[in-house]
1. Report the Rg/Rh value for region 2-101, based on alpha-carbon coordinates and the Kirkwood definition of Rh.
2. Counting only heavy atoms of the protein chains, get the accessible area per residue of region 51-99 (1.4 Å probe) and round it to a whole Å² value.
3. State, to one decimal in nm, how far the label point of Ser118 lies from the label point of Ser144, with both points 7 Å from Cα in the Cβ direction.
Amino acid sequence: HGVRERLAKTHTIYITQSNQGLGFTHILPLLLRTYLPNLQRMYFINFLFGVCNPGFFAMLPQFSLVTHLLLFNFSLSTFSGFRRMICAFPCLDKLELRSGGFQSQAMSPYTGQAESRSIPSFTQLVLNRVESRFAEAFVQWMISHVKHWDIRFLDIAHDFYYRPDFGKKPNNGIIDDLFGLSASTAEHVHLQDAGNGMCTSRRPTSKIDHDD
């Protein structure tokens, strides 16, 4: 009985997938959904979307109070699973995506299908060293489904140059698009070029082009 009471008061959960095998990460929502009614922060470490139990995504909306979601070292088999996960949390305010991407270079990253649930209007976004194709698919998804974002905190560490044909080509479209989504609302913007170490940061009071 005491354990149930403590779980009911839990606000944060860290779920780490073993590097040795499939582990139990994908079934935790099925096991804990009735014990964590006040959960607000979910952190997934070493998360493999491709091995999820069929009921995994169906159970996530029961954690309706989650405001902060972190995916660290994640691997996608398709973009649709990622979409379902993000849309499962209507109160999501902070989304952190760190060190992740698609499993196969041959797969189509984004097909544009509609999601039954709306994208949550998060105001804080962290993209840290994610695969370029995933970053492009994610930003395209944001732009195509929500016209007006209210992003106030934007933190990006990304290789702004990539090598699709053994040569360096500028990859600034992602940044331009994210700036377009947050230009009128951003209060903190931090950019780090993960390719050459160049780092810039801005903390505008109202517009993205207003420096301290």
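1. Ratio value, two decimals: 0.94.
2. 33
3. Each label point lies 7 Å from its Cα, and together they span 2.0 nm.
The values are calculated or read from the model by the stated rules, or taken from the named source; none is laboratory data. All values derive from a computational prediction rather than experimental measurement. No Cβ is skipped: glycine too gets one built from the backbone with ideal geometry, and neighbour counts run over all protein chains shown. The accessibility values were calculated without ligands, DNA or RNA, using every heavy atom of the protein model including side chains. Shrake-Rupley method; radii C 1.70, N 1.55, O 1.52, S 1.80 Å.
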